[in-house]
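The values are calculated or read from the model by the stated rules, or taken from the named source; none is laboratory data. Since this is a predicted model, take the numbers as computed values, not measurements. So basically every Cβ, Gly included, is an ideal-geometry build from the backbone, and we count neighbours across all protein chains shown. Just so you know, the surface numbers come from the protein's heavy atoms only, side chains and all, with ligands and any DNA or RNA stripped out. Shrake-Rupley method; radii C 1.70, N 1.55, O 1.52, S 1.80 Å.
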Amino acid sequence: MSGAPLVAVEDLRVTARRAGRTYPIVEDVSFKIEAGGLLALVGESGCGKSLTAAALLGLLPWGLAVDGGQIRLEGQNVLELTPTQWRRLRGRKVGAVFQNPLAALNPSLPIWKQVVESAELTFRLDRAAARARALELLELVGVPQAAQRLDDYPHQFSGGMRQRVAIALALACDPRLLVADEPTTALDLITQAEILRLLNRLRLERGLAVLFITHDLSLVAEYADQVMVMYAGRVVEQAEARRFFAGPRHPYSRALLGAIPRLATPEVRLTDIEGLPPSPFEYPPGCRFAPRCPRVIEPCRRELPPPAGDQRQRAFCHRPFAQEPG
Amino acid sequence: MWAMIVRRLSVSAISLVLLVTLVFFMIHATPGGPAYSILGSHASPQAVAVLNRQMGLDRPLPEQYLIWWEHLFEGRLGYSYIQHTAVSHLIGVYLERTLLLDLAALALAIAVALVVGLLQGYLADRIGGRIIGFLQIVFYAMPVFFTGILLIYGFSMRLDWLPPGGLGQGLASHARHLVLPVLTLALPIAAGFSRYFGHQAREEYRQDYVRTARARGLSEWRIATHHVLRNAVRPFITLVGMMIPALFVGGVLTESVFNYPGLGWLLWRSALDQDYPTLSAITLLIGVLTILGNLIADLLNSILDVRVRYE
Ligand SMILES: Nc1ncnc2c1ncn2[C@@H]1O[C@H](COP(=O)(O)OP(=O)(O)OP(=O)(O)O)[C@@H](O)[C@H]1O
Ligand SMILES: [Mg+2]
């Protein structure tokens, strides 16, 4: 390793065009993930998690665009690439799995064909090599009796198995980074834990970097080594996982943690917080959490909060909680 | 799969029997009986009596019904007293021309629909997709007479590139004569097909597996041809099977606009001449082709999709 992080995002800004005006939807998002690292990106619905991931993949929906910042994959700023060059990196450097495993697979193709499709095209495998690779991938993600299941269709698999197959699809060309956008939200608790263990094993064994998006902090508490909390399109806190779980400093982070009984700190609970996150087309000036914040003070409504803390734990807040020793 | 095919075949067989029976009763229900419809309403009673005996029309109805079937199996479709030939011979000649026109138009419409539909599905609500949607409505609503005359005016009269109608001699000339009728017939069908298929394609483009495919770095071409097409084409095949009768109807109009002597033209003529044996034979034929079209579409579907259960 050259010491440079596998992926480095700096001041990412995603904007939407509506009625001739541009609205920022995601702003000032910066993070780094090392090989083998697992960054958990958390926040309520609509805070911009998926758009951050989509920007990283170069798959923003039509009408949205990256409007500033840098996305470096192994040192290369992908925003400078042509669409075709960037497409060639997808699958090879970055893979992705999404929320709904039931729909992520093409219903009318046997899974082995889907699993190796990208590898087949990239490395020009013949049929025998492709089947062998498919088997290898299915075994890697823990599909039992994989050899007998190569010719099965997606509907013959359970939800959890389909998510494993979807992970195999994403890994076909050996990407260095896996973007997992709420991959377990549609699954039951036991299956959620299994999928997480699988991702954890992959990063430990193969040095796969993982961007894990979720709105359930308890799910990632065990595995994440970094946590990034977003609210209304902005990062409100990012920290090493150990520090974060010892004591989040942003009131919103506390509220998120408070929703988990086992990790609750008594001060704030999400259920105590009135209201909903603002729409991207009507963000308030100053801190976006201010209208709902129980600790709001006068400058919160006027000025964007500066970062408080150090490299290891940073909260964007005018009145953060004190840092816990940890 | 085999059970399904057997079941599907028996449905077609039952439809066929119903069709043949229906046409039989249609003939017998004409005022004055079949003899009048065959000879014309001004026939003399003697001629009617002769014909009735000759054709066995004086026998009881169930017996006639059996004879009707027997004749069908032997390919005897009756005699046209107006054209003075056996109906089977007449139909043979005209059917070939019609099949050429209709199948060429069908193939063109399907090809256009697949390309335009995939593009439309990909573009969705973007400006290009909306323009395609608008054009589909315009072309779909354009009557065959209007399109035909417009094309004749443009390509035959103004530009003098193509013949305005009729039948050519020899292959090259025949092909040249077919261009405008095929275009005329294909245009509204292509518009309807592509609208339907475009809608299917658009639904497929919304599916997560398309996003998964993009996230794996597959090209849009690959996604369109190997993923979207495969899923969107199945309901489309059913539609194509169902549209076969409409194709014939469009063909009838097209043939009359271009003075193209095909089955539609024959149908038109025999309706004017009250040539009932020919009319009923054409009715039978169109019915049979419709049943066949639907059968082929369904069988094709079941081959494409192993999971389809016939229910
Ligand atoms: N195509 C689009 N055009 C305009 N705004 C969009 C578009 N897609 C998403 N948004 C807006 O961007 C914001 C962030 O969306 P995003 O999907 O990233 O949220 P999320 O954090 O992933 O939420 P969830 O937990 O529900 O998945 C939302 O408020 C959404 O309304
Ligand atoms: Mg999301």
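Taking the mean number of other Cβ atoms within 10 Å as a proxy for protection, how do you rank B:218-228, B:69-79, B:256-266 from highest to lowest?
Per-residue Cβ counts within 10 Å, averaged per peptide and sorted highest first, yield B:256-266, B:218-228, B:69-79.
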A:Glu222 and B:Ala175 label points (each 7 Å along its Cα→Cβ direction) are spaced in nm at 7.1 nm
Rounded to whole angstroms and listed largest first, the alpha-carbon spread of the range B:187-311 along its three principal axes comes to 65, 34, 16
Taking a straight Cα-to-Cα line shorter than 17 Å from A:Lys49, and setting aside same-chain aspartates and glutamates fewer than 8 residues away, one finds A:Glu10, A:Asp11, A:Glu27, A:Asp28, A:Asp67, A:Asp181, A:Glu182, A:Asp216, A:Glu237
Simple spin-label estimate for A:Ala19/B:Phe145, 7 Å along Cα→Cβ, in nm, reads 4.9 nm
Protection proxy (average C-beta count within 10 Å per residue), highest first, orders A:47-59, A:143-155 as A:47-59, A:143-155
Here, A:Trp62 and A:Ile297, labelled 7 Å along Cα→Cβ, have an inter-label distance in nm of 4.9 nm
Hull surface over four for the Cα convex hull of the range B:92-275, reported in nm², is 12.5 nm²
CD proxy, 222 nm, chain B: helix-only mean residue ellipticity via -39,500 (n - 2.57) per DSSP H run with n ≥ 4, per residue, nearest 500, stands at -24500 deg cm²/dmol
Applying the gyration tensor rule to the Cα atoms of the protein assembly as shown (axes a ≥ b ≥ c; rounded if a/c under 1.5, else prolate if a/b exceeds b/c, else oblate), the class is prolate
Result row for chain B, helices from DSSP H with C-alpha axial extent 15 Å or more and mean Kyte hydropathy at least -1.0, is B:2-28, B:61-73, B:87-123, B:127-141, B:170-205, B:229-242, B:244-257, B:276-304
Expected integer from the mean partner chain Cβ neighbour count at 10 Å over A:95-102 is 3
Averaged per residue, the 1.4 Å probe accessible area of the range B:72-213, protein heavy atoms only, in Å², is roughly 53 Å²
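With the cut-off at 1.5 for a/c, could you classify chain A from its C-alpha gyration tensor as rounded, prolate or oblate? Could you put the intermediate results ahead of the total?
Working: a/c = 2.00, a/b = 1.63, b/c = 1.22.
Here chain A falls in the prolate category.
Residue separation times 0.36 nm, minus the C-alpha to C-alpha distance between A:Asp11 and A:Leu79: what's the value?
23.2 nm
Average partner chain C-beta neighbours within 10 Å, per residue of B:224-233?
Working: counts 0, 0, 5, 5, 1, 0, 4, 4, 0, 1.
The shielding value for this peptide is 2.
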Once normalised by the length of chain B, the mean sequence separation of its alpha carbon contacts under 8 Å that are 6 or more apart gives a contact order in percent of 26 percent
Measuring from its Cα centre, the protein assembly as shown shows a charge dipole (+1 at each Lys and Arg Cβ, -1 at each Asp and Glu Cβ) which, in debye to the nearest 20, is 1160 debye
Bounding extents of the range A:1-148 in its principal axis frame from Cα atoms, largest first in Å, are 53, 40, 30
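Please label the shape of the range A:13-74 as rounded, prolate or oblate, based on the square roots a ≥ b ≥ c of the eigenvalues of the alpha-carbon gyration tensor (a/c under 1.5 means rounded; beyond that, a/b larger than b/c means prolate, else oblate).
prolate
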Checking the range A:126-198 for GluC sites (Glu not before Pro) in a loop per DSSP with at most 10 other beta-carbon atoms within 10 Å yields none
Length-normalised contact order of the range B:92-275, Cα under 8 Å, at least 6 apart, in percent, tallies to 34 percent
